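Nothing in this text is a laboratory measurement; each read-out follows from the coordinates by a stated rule. Predicted model only: the values in this text are computed from it and were never measured. Cβ coordinates were reconstructed from backbone atoms using ideal geometry, including for glycine residues, and neighbour counts include every protein chain displayed.
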Amino acid sequence: MRKRGLDNYARIGLNNFRYGIFNDETETYGEPLSLGKVIDCKVSLDLNSTELYADDGLAESDYSVKKGTVTITFDEDDDETIANLTDHTIVDGEIVRKDTDTHLTLDLEEL
């Protein structure tokens, strides 16, 4: 008889997903905050791939990220968390976005 457990569900390796607000003045991250449980995460990257050859050999190369899109689906979507994460405000119970709001920056660091 086979037991039903966590092994019967797909795992994507995103347990304990956290985010922190970056402080430009101190160049540090604030306290780690939780988004809830991550259901799905899709990453699409546009990469630089340039090689410069000189004297019949590779002299310089650039393999960096030019831009990208990350789509994260999680089980909690309370307005306070979303407003905090996206640098928007809440007015009369609604999230308000402004053209002057900063964009979300993703910084992946190995723990």
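At-a-glance table
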{"read-out": "Tally of residues being part of a loop (DSSP other than H, G, I, E, B) and surrounded by 12 or more Cβ atoms within 10 Å (Cβ to Cβ) across segment 23-37", "value": "3"}
{"read-out": "Qualifying positions in segment 39-82 - part of a strand (DSSP E or B), surrounded by 10 or more Cβ atoms within 10 Å (Cβ to Cβ) and in contact with a Lys or Arg (Cβ under 9 Å, 6 or more places away or on another chain)", "value": "LEU45, LEU47, THR69, VAL70, ILE72, THR73, PHE74"}
{"read-out": "All positions within segment 20-74 that are more than 20 Å from LEU85 (Cβ to Cβ) and among the aromatic types (Phe, Trp, Tyr)", "value": "TYR53, TYR63"}
